[in-house]
Amino acid sequence: MGVATEGISMTANLAEDKQNETSAEAERDLDLSPAKGLFCGEIIQSCFWPFPEITNEQKEMLGMVLDSVDRFLEDKQENFRQWDEAGEQPEEFIQGLRDLGLFGLIIPEEHGGIGLSNTGYSRVLQQSSRYDSSVSLTIGAHSSIGMKGLLLFGTDAQKERYLPRLASGEMIAAYCLTESGSGSDAASIRTRATRNSNGGWTLNGEKIWITNGGIADFYTVFARTDSDAGKLSAFIVERDSPGVNIGLKEDKLGIRSSSTTTVSFADVEIPAENLLGEEGKGFKIAMAILNSGRTGLSGGAVGGMKTCIALASKQAVERKQFGSSIAEFGLIKKKIAEMTVDCFAAESAVRMVSHYIDSGYTDYSVEAAISKVFASEAMFRAANESLQIAAGNGFMKEFPYERIMRDSRILTIFEGTSEILRLFIALSGMKYAGVLLQELKSATDDIFNNPIKGFGLLSDYAGRRITHLTSLGQDRIIAAVPEILRDDALVFEKYTLELARMTDVLLRRHGKSIIEKQFALQRAADVVIDLFVGLSVLSRVSAMTPDDSEQYQQALSIAHIFSQRAKRRMNRNLRAMLRNEDEAAKSLAEYIFDKQSYPWDVL
Amino acid sequence: MERVLVGLKRVVDYNVRVRIRSDGSGVETDGVKMSINPFDEIALEEALRMKERGEANEVVVVSIGGSECQQQLRTGLAMGADRAILVETAESVNPLTGARIFLELIKREAAELVLLGKQAIDDDNNQTGQMLAALWGRPQATFASRIELNGSTAKVTREVDVGLETIEVDLPAVITTDLRLNEPRYVKLPDIMKAKKKPLDQIPVADLAVESAASITAVTFEPPEQRQKGIIVKDVAELVAALKDKGLV
């Protein structure tokens, strides 16, 4: 998964994305964005209930796929440890992945793949991640992003030509967006494709941190077309084209055995038919690929958490100190419970997002970002806490904890850092909330396009929004949850309205500078993350068959724990909107930037 | 030979820690991972290898039970079996009834070899293969750790208590497979898709007109007693004393 990330440029580009405006009119359910709805004070119940299910036939088929993945990976624990140290997966292992069919997961059957849904795919990556993150990355960088552009935007001829070879793994794919000067800021890409006399394109530039760079044969490359200021376009580039050069393997903190390299292009000739999608639509294509690929990464995070829970709970039960098993201690129980709640919550949210994608929702970028932020951060917490439970053992290379922790560190960085995604989540939601009222659409758009001009109309806008909010009654979702969880459901109803109010407050208070109020945007993002994830959890337990089993009772308990903790977090975030030390903190940071060192001492 | 029949029993996966239902009526299977009995999987692997070596033309997998057994049959088809037969019954099937059902299928399918796991890991009966050979009036070779087909006979190495015993049986015959016979292949993902198109016949058990053997009624199931905490003894004398104390010597 290329370390390429959506950028600030993406948030700046929000206003450009005219598609969202029409979807705000919500003509049919598939145009709805449940997370954006939350910013408007609305829980769109049909988007959350009932919790998605797959058919028995799909379940059976997926079960067989998971069994095969287990069989293939379960006896390789020692290998994964060695390959991490060596920083490489041996060719025979990659051949094993090919033979098993793991490169064809999402490619339709008629092209030689097994045509898994987004849900099925995400679940398979969860399974492989239980064993080793690097394995998931080799498979995931290929399917989630490397060849996803071809699947989403390719012509029939392009699909015909490449998909069978990509399905068999004869060709492995990589996604090439990131450049040395273009990380989160994807709009600053310098790689250029110019039209040549053969009617095709000539490509020049260098991409860095490309996952599968060293083993791929098929690159989805983003480049400016025609001029340095030109728009981005996407191209299919084959490895054996003259001028394609693969750099040395990067030496990394984690996911070490997955191949990460630079890929550079020196006068590489690309035939006209290898333009992917429309010329000039590269930015949109790049983002669409990342959005639909997020459930792979998030699914992987869920798998990693399940491993952490299994390892740490076993360790806790077996480890004796002070005459008893450390599993008896409250602080160990607390860690295991938190990891379990996190895992259940992430799993529910990821499942919800993959359902949106499979059902044909058109606007799921915010939901996908929410699930990615939550799942990746929860995974790192789980890695950190399971290592803490194993303590000294956890620190030793002989045990898997330190590798899991190193491997999971990348999750909050690549495919959109947590920071950029939070800004994206908050700004997208606010823009949507702004365009909800048709007559004020242009005014609110101007806030993003031309803040000074747009802000004049805001006081009127704000007044109407409050009316809109208060006209929405409560008691809308509590009927859908088990009785015992009704108080918990109320939390989400209440704070959904609070989020909408907060959106108004933010716009009124900061107006033109809202884009720069990152402390505030982060709080708004954190509230909507808690709301979306919490509603996914409530929906999931609502779909379970009520019985006396401990498994069911504990699931109810998870929903309760998550809801009450989310309530306190959301409350804290809302209060901090009114009273905070943001300006003092910024000023302090600026002082330190100036010094670039710590200026105090106790001596 | 034309056709090999392989039995695939649906059992609780060997990795699952088995639990008794709270009412003691049996082993909990709700929400529990179910798999092909591992010995049966070894039997299927052996049949597939026979086919790949050109010693058999068709491999047919058979299961007896509810429609949920289709899952195991589909896995068998994905591993490479050509066809599947599900004998449908809601009743639990004891070894003698199972053997009678297989006998009917042997007749229908004109099978020349039946490969079964030496036992199923759920009830550990280790009877069906032996009973089937007796009913069929054909030789049996149980606990096979090596099978070599030579036209009309099979040379089978058996794992017995004293070591290995090699016997030669005339075909048709029943062979039951032991753990070390082979290592079953894992299913390749594209083969899962292909398996969907392979035939899976469902036959109601009534159609086979098999007499149900007088069945044993399970009265109650209980988990084994928790192991008591052990003690560490200093020397032999103390060990003997401790054993005497417990009345064990």
Checklist outcome for this item: With R₀ set to 51 angstrom, the calculated FRET efficiency between the beta-carbons of B:A241 and A:Q82, to the nearest 0.05, is 0.55
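What helices in chain B pass both tests, a Cα length along the helix axis of 15 Å or more and a mean Kyte hydropathy of 0.0 or higher, using whole DSSP H runs? Could the numbers behind the result be given before it?
Numbers: long enough: B:38-52 (21 Å, -0.47); B:95-109 (21 Å, 0.16).
Helix filter hits for chain B: B:95-109.
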Item to check | Separation of the A:A310 and A:R71 label points, Cα + 7 Å toward Cβ, nm | outcome: 1.8
Checklist outcome for this item: Expected output for the range A:66-98, residues with a loss of 20 Å² or more in accessible area relative to the chain alone at probe 1.4 Å, reads A:D67, A:S68, A:R71, A:F72, A:E74
Checklist entry - Can you pull the percent of the range A:217-278's accessible area that's carbon plus sulfur, 1.4 Å probe, other chains left in place? => result 49
Next on the checklist: Could you tell me how far the Cα centroid of the range A:232-270 sits from the Cα centroid of the range B:109-179, in Å?
Outcome noted: 56
Checklist outcome for this item: Out of A:L311, A:F51, A:Y598 - ranked by how far each Cα lies towards the positive end of the dipole of chain A, with unit charges on the beta-carbon of charged residues - the top one is A:Y598
Item to check | Dipole in debye (nearest 20) - the range A:142-290, about Cα centre, beta carbon charges: Lys, Arg +1; Asp, Glu -1 | outcome: 340
Next on the checklist: With every protein chain left in place and a probe of 1.4 Å, what is the accessible surface of B:E68, to the nearest 10 Å²?
Outcome noted: 90
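How much length would be gained if the chain were fully extended between B:V32 and B:L179, taking 0.36 nm per residue of separation minus their Cα-Cα distance, in nm to one decimal? All intermediate terms of the calculation are to be shown ahead of the outcome.
Details: separation 147, 0.36 × 147 = 52.92 nm, distance 2.37 nm.
Taking B:V32 through B:L179 to full extension adds about 50.5 nm, to one decimal.
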Checklist entry - Where in chain A are the DSSP H helices whose alpha-carbon span along the long axis reaches 15 Å or more and whose Kyte-Doolittle mean is at least 0.0? => result A:282-318, A:330-358, A:365-395, A:418-435, A:518-542
Item to check | Area hidden from solvent between A and B (accessible, protein heavy atoms only, 1.4 Å, total, Å²) | outcome: 1700
Next on the checklist: Tell me which of A:L521, A:G199, A:G254 sits at the most positive position along the dipole axis of chain A, charges placed on C-beta atoms (Lys, Arg +1; Asp, Glu -1).
Outcome noted: A:L521
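Over the range B:3-245, with the other protein chains present, what is the accessible area per residue in square angstrom, probe 1.4 angstrom?
On the way: 13080 Å² over 243 residues.
Per-residue accessible area for the range B:3-245 comes out at 54 Å².
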Checklist entry - Counting only residues 5 or more places away or on other chains, whose amide H sits under 5 Å from the amide H of A:L276 once H atoms are built in the peptide plane? => result A:A234, A:F235, A:I236
Checklist entry - Quick one: putting +1 on the C-beta of Lys and Arg, -1 on the C-beta of Asp and Glu, what dipole do you get for the protein assembly as shown around its Cα centre, in Debye to the nearest 20? => result 1980
Next on the checklist: What does the C-alpha gyration tensor say about the overall shape of the range B:141-220? Classify as rounded when a/c is under 1.5, otherwise prolate if a/b is larger than b/c, or oblate.
Outcome noted: oblate
Next on the checklist: Among B:Q119, B:Q202, B:Q226, which one shows the highest mean-square fluctuation when chain B is modelled as a Gaussian network with alpha-carbon springs under 10 Å?
Outcome noted: B:Q226
Item to check | Helical contribution to [θ] at 222 nm, DSSP H n ≥ 4, -39,500 (n - 2.57), averaged over chain A, rounded to 500 | outcome: -18500 deg cm²/dmol
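Rank by packing, highest mean first: peptides A:156-167, A:49-60, B:167-178, with packing defined as the count of other Cβ atoms within 10 Å averaged across residues.
On the way: A:156-167: 17.6, A:49-60: 14.2, B:167-178: 20.1.
So the peptides A:156-167, A:49-60, B:167-178, ranked by packing, come out B:167-178, A:156-167, A:49-60.
Once you have a ≥ b ≥ c as the square roots of the Cα gyration tensor eigenvalues for the range A:302-344, tell me rounded if a/c is under 1.5, and otherwise prolate or oblate according to whether a/b is larger than b/c.
oblate
With a/c under 1.5 counting as rounded, go ahead and sort chain A into rounded, prolate or oblate using the C-alpha gyration tensor (a ≥ b ≥ c being the square roots of the eigenvalues; past the cut-off, prolate if a/b is larger than b/c, else oblate).
Taking the square roots of the gyration eigenvalues as a ≥ b ≥ c, chain A is rounded.
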Checklist entry - Under a point spin-label approximation (7 Å from Cα along Cα-to-Cβ), what is the A:Q553-A:K595 distance to one decimal in nm? => result 5.7
Checklist outcome for this item: Rounded to a whole %, the carbon-and-sulfur portion of the accessible area of the range B:3-245 at a 1.4 Å probe is 49
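The values are calculated or read from the model by the stated rules, or taken from the named source; none is laboratory data. Quick caveat: nothing in here was measured; it's all calculated off a predicted structure. All Cβ positions, glycine included, derive from the backbone under ideal geometry; neighbour counts span all protein chains shown. Just the protein is used for accessible areas: all its heavy atoms, side chains included, with ligands, DNA and RNA removed. Shrake-Rupley method; radii C 1.70, N 1.55, O 1.52, S 1.80 Å.
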